[in-house]
Amino acid sequence: MVDEVGTGETVVRLDGVRKEYGETVALDGLSLEIRAGEAVAVMGPSGCGKSTLLNMIAGLDRPSGGTVLVHGENVGELNEKGLALYRRRRIGMIFQFFNLVDDLSALDNVALAAQLTGSPARQARRRALELFEELGIADRRNAYPAVLSGGERQRVAVARALMNRPALLLADEPTGALDSRAGEQVMDLLLDLNQIGQTLVLVTHDEHLARRCASRLVQVADGRVTGEHSLEPSA
Amino acid sequence: MRAVWRAARAAVRRRGLQTLVIWLVALVSTGSIVVALGLVDAATAPFDRVFGKQRGPHVVAAFDRNKVSDDRLTRAAERSGTAAVAGPFPQATMEIPRGAGDFGLGGEVTVVGRPGPGGPVDRVDLWAGRWPTRPGEMVLNRQSDWTADDLGKQFRVPSGPTLTIVGFAFDLSDTADVWVAPDQIEALHPTGTQMLFRFRDASSENRLRAQLAEVTAGLPKGTLAGAQTYLSLKHRVGSNARAYAPYLMAFGILGILVAVLIVANVVGGAVVSGFRHIGILKALGFTPGQVLTVYLVMISVPAVLGCALGTLAGNLLAQPFFRFVFTGPNSGVLRDSVGIAPWVNVLALLGMPFVCVLAALGPSMRARAMPAARAISTGSAPRTGRALGVQRRLAGARLPRSVSLGAGLPFARPARSALTLAAVVLGVTTVTFATGLAATMTGLGTAGTHAYDVTVYVGSHRHGKEVRPVHSDREIQSLLGSLPGATRVTARSDDDAVLVGSTQRVMFEGRRGDLPLDSVLARGRWMHRTGEVVAGSAFLRRNGVHVGDHLRLRKGGREVDLTVVGETMLDNDRLIAGAWPTAVALMPDVKPIAYHVKLGDGVDQERYARAVRAADPGLSPQLRGPNNITRTIVGSATALTLALALIASLGVFNTAVLNTHDRRRDLGMLKSIGMTPRQVTVMTVTSMAVLGALGSVLGIPLGIAAYELVIPRMTGAIDIALPSYMTDVWHAPELALLALAGLVIAVLGAFVPARRAARLTVAEVLRSE
């Protein structure tokens, strides 16, 4: 399902990353390394900078200082087009509120990610359908986001994130907007993905999710890494 | 109330771009409406205003003095029940030789003996000096924008008395060229009696003629020598302004429609996109009425400011047009009396804000009635998709995905897209109409411009004195032809003559040479033989004459028969032109007043003019300039078109801003999955370009229809017939270019919001959502 990356190889390296929004310091010299095949959970109190950290890795925002290297590429030095291509090729992103296009069917929402790279519609839909089958939502492919349940929407979002076979899957509170049953399903899905080699970075408040899916826990406070330790998946 | 005002002020500040768009749209729309309506009003109102002020006569009648006495005329007028009468005034005709005076008089002039400028009818405007009270004094009919320097100068009537100019008066109705005291007129041998009538029903030519017939019913046959109604005067005086009226009316209607549509779209969109804000206000404890007030204030402040400034700008912009529109006979007094009518300003100042408030009221009322929770969720909750079939087909289309996504966007907001489309359609209609108009007017303006380059007038003025040429007529023509650069020379004479069978005086233009001068032949052929003439469409229409018909002209007791062989595109209803032998047959001592010189290619006109002045100081060369009326129509049409296209573009701009605002979350997501800034720009521009392309498809036929409606009315107003090559303006290349008009309007309007959308910071958008 995903591109194989040699296990143990450093995929992400953040070195002294700072991010300021006016007077507010969101990241204050944060450093972190993530290796291929890892599932890293980033936890911390609200406003500690964990979502900002994820945005830096995803190339959704630029650091004010320090370097963000992903596969050796300095994300902070890319121009807007370079960032877009970087996101397209290397990153899959899952959001708390799914962020699906209401006017497109579930299948077209997923196919969209491939079509942006220039893939023909037919080929993109075929690949999207494969993902729908793998994620168990093939029967919902023609439904529109408004009629899908929360869990189904998040599965569609995961399918979209996987569409271009990203090296890195980033999830920002992926179960935050779901009920417990749907949350469990998404957790299982992420765990499965990691077990087949997908590198995963999760930002979450949910310790249960972190323990269930992640192999390493990174604690962030006041824009810095304040602690990290390995986790045993709870299964 | 303070909370309401504070919330409204905060909303205006917070939504800076929206406020700016509302202000700008209100400003440009109001300005355009003021200019368009002001000019439409000015095209018809000034004559009535001045005519009413002077209590101008509905009919000016001349009676044969030998057949009816003054007393009998007075009794006839009283019996017939006319509304008001002035006269009888003795009327004489003087033949003034050319060059005998330099007071604007020449040829045959009408002199009336009248005791004063006032009275129940025809209160002439004595603007300089005084009225003549004794023999030897006269007042000249002259517009007040002329000079009064000639006051006190004397003029000797050939084989008559010497008269001193004691005043200048202006009479719009042109009842006389010269007025003298009643004691003086007998010395000028009056042959007629002038009566000036105002009738109760002045609505039509027929009604006026019928009422005049009642007056003359009891008088001996043949008593009435001639009569002219004010309607023909009005037709002649206002012809230029009337020519502008249909085109200004078309622009006015288009301008109002575009402005109202855009204002409705902008204002309605502002309210709809603020639903979440409305919910928050309600949650804070604002009553529905207060919410409504906040929104109306939020919309009204920029709208009212825009309307006020737009009205001011419209008044300033309209002034240059008046200077051009009111040219021609007696236009000076009309030009002085026109301005933007108060009703136009009142309408703009009250009507446009009313339209804005009305547009805001519908969505505001919806917001007022909406529960707080729903209003809040309207701004953020996932909504049911729209136009899903279209989106599905586009998703599978063989188009770049950014293009197919953009093409589907207009269907997601059908009402907003429909209003925007309507504005683009009207924008394209305007551009199409203006393009056709400009092509025709350019054709009209350049018609015959290659016939000659320099006009050399006989006589010049140096240090206030007239200088006559040292050469004779024939010597001048050969001199002008021998100067370096000249290729052909045609002499032209202009003389008054009488059209036998009517009281109408015509201007006979004699031409010696083969240049067609500046007239364009609409029908028939040019004159070749003695007795053949061509006349303008206006002349033929006024006199009911057709090509092939015969006329008889009288001049100084000599009569000649003429055949009309061609119709020219002249709007002068008094002019006919013939070859030189015809002019000589009518006036054996005819002399040219000007020579038209065609220069060789690349010859410097200024240099030729200097050579003419050096060769004979009594000649005044004048270089051919551009056609001002054409330039004004093309210029004003271009300006109005640009204004309307700008408004339509602002409408597109507003829609693109609202759409990108509504879709910030989608844009953030699309960028997060790898949509490049260029793809975002392409998507946003495409969404409006679809409306632009559709706007072109619908707008071009409407523009052509507007052209077909307006052009015949414009040319009809000034009595000219256009040759078909001037109205055959729609060809494939032009239509292909026009098809781009809608796209240009849409792309111009969408580009800035598209670039803004492309620059959105994804993290910021997704966080705020």
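The values are calculated or read from the model by the stated rules, or taken from the named source; none is laboratory data. Treat the numbers as computed from the prediction; the structure is a model and nothing was measured. A quick note on method: Cβ atoms are made from the backbone with ideal geometry, for glycine too, and the neighbour counts reach across all protein chains shown. The accessibility values were calculated without ligands, DNA or RNA, using every heavy atom of the protein model including side chains. Shrake-Rupley method; radii C 1.70, N 1.55, O 1.52, S 1.80 Å.
Below is a table of values for the structure above.
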read-out	value
Degrees separating the helix A:106-115 axis from the principal Cα axis of chain A, which is the longest one	60 degrees
Accessible area (Å², per residue) of the protein assembly as shown, counting only protein heavy atoms and a probe of 1.4 Å	41 Å²
Chains B and A together, accessible area buried on both sides, 1.4 angstrom probe, square angstrom	2900 Å²
Label-to-label distance, nm, for residues given as B:ASN206 and A:SER230 (7 Å Cα→Cβ offset)	11.0 nm
Calculated FRET efficiency for the pair B:THR191/B:LYS53, C-beta based, R₀ 56 Å, to 0.05	0.95
Set of lysines with alpha-carbon distance to A:LYS50 below 19 Å, sequence-local pairs under 8 removed	A:LYS19
Sequence of A:GLU228, B:GLU78, A:GLU173 when ordered by accessible area, the most exposed leading, probe 1.4 angstrom	B:GLU78, A:GLU228, A:GLU173
Hypothetical label at B:ARG474: residues of segment B:584-600 whose amide nitrogen lies under 13 Å (7 Å Cα-Cβ projection)	none
A:MET93 accessible area, assembled protein chains, probe 1.4 Å, Å²	10 Å²
Within a Gaussian network of chain A (alpha carbon springs, distance under 10 Å), most fluctuating of A:ILE34, A:ILE196, A:ILE94	A:ILE196
Residues in segment B:407-431 reached by a label modelled at B:ALA736 [backbone nitrogen below 14 Å; 7 Å Cα→Cβ]	none
Dimensions in Å of segment B:454-626 - Rg and Dmax from alpha carbons	17.0, 49
Centre separation in Å (Cα based) which lies between segment B:24-38 and segment B:343-357	10 Å
Efficiency of FRET between B:ARG2 and B:THR761 - r from beta-carbon atoms, R0 30 angstrom, step 0.05	0.25
Cut-off 9 Å between beta-carbons: net charge of the residues surrounding B:PRO120, Lys and Arg +1, Asp and Glu -1	+2
Spin-label pair B:VAL603/B:ASP728, simplified geometry with 7 Å Cα→Cβ offset, distance in nm	3.3 nm
Added length on full extension, which subtracts the Cα-Cα distance from 0.36 nm per residue, B:ASP589 to B:ALA397	60.7 nm
Sequence-distant lysines (8 or more away, or on other chains) whose Cα lies within less than 22 Å of B:LYS221	B:LYS67
Residue mean of other protein chain beta carbons inside 10 Å, B:388-394	4
In range of the label at B:THR162: residues from segment B:119-139 whose backbone nitrogen is under 18 Å from the point 7 Å along Cα→Cβ	B:134-139
Fluctuation leader among A:VAL158, A:VAL203, A:VAL12 - chain A, Gaussian network, Cα springs under 10 angstrom	A:VAL12
Cα-derived Rg to Rh of the protein assembly as shown, Kirkwood definition	1.18
Gap separating the Cα centres of segment B:594-612 and segment A:127-202, nearest whole Å	86 Å
Area accessible to solvent at B:PHE354, 1.4 Å probe radius, in Å²	130 Å²
Residue with peak Gaussian network fluctuation, chain A [Cα springs, cutoff 10 Å], from A:SER119, A:SER51, A:SER31	A:SER119
Estimated inter-spin distance, A:ALA177 and A:GLU80, nm [label 7 Å along Cα→Cβ]	2.6 nm
Sum of side-chain charges, B:GLY548 neighbourhood, beta-carbon under 14 Å (Lys, Arg +1; Asp, Glu -1)	-2
Exposure ranking of B:ILE700, B:ILE576, B:ILE280 by accessible area [1.4 Å probe, largest first]	B:ILE280, B:ILE700, B:ILE576
Percent carbon-and-sulfur accessible area, the protein assembly as shown, ignoring ligands, DNA and RNA, probe 1.4 Å	55 percent
Modelled FRET efficiency - R0 60 Å, B:ALA614 with B:ARG13, Cβ distances, 0.05 increments	0.25
Long-range amide H partners of A:ILE94 with built H, under 5 Å	A:LEU170, A:ALA171, A:ASP172
Accessible-area ranking of A:HIS208, B:HIS277, B:HIS471, largest first, probe 1.4 Å	A:HIS208, B:HIS471, B:HIS277
Per-residue average of Cβ from other chains inside 10 Å of B:397-410	3
Value at 222 nm in deg cm²/dmol, rounded to 500, when DSSP H runs of n ≥ 4 in the protein assembly as shown each add -39,500 (n - 2.57)	-16500 deg cm²/dmol
Amide hydrogen neighbours beyond the local backbone of A:ALA26, cut-off 5 Å, H modeled	A:LYS19, A:GLU20, A:TYR21
Anchor B:LYS591: lysines whose Cα lies under 29 Å away (excluding residues fewer than 8 positions away in-chain)	B:LYS153, B:LYS465, B:LYS555
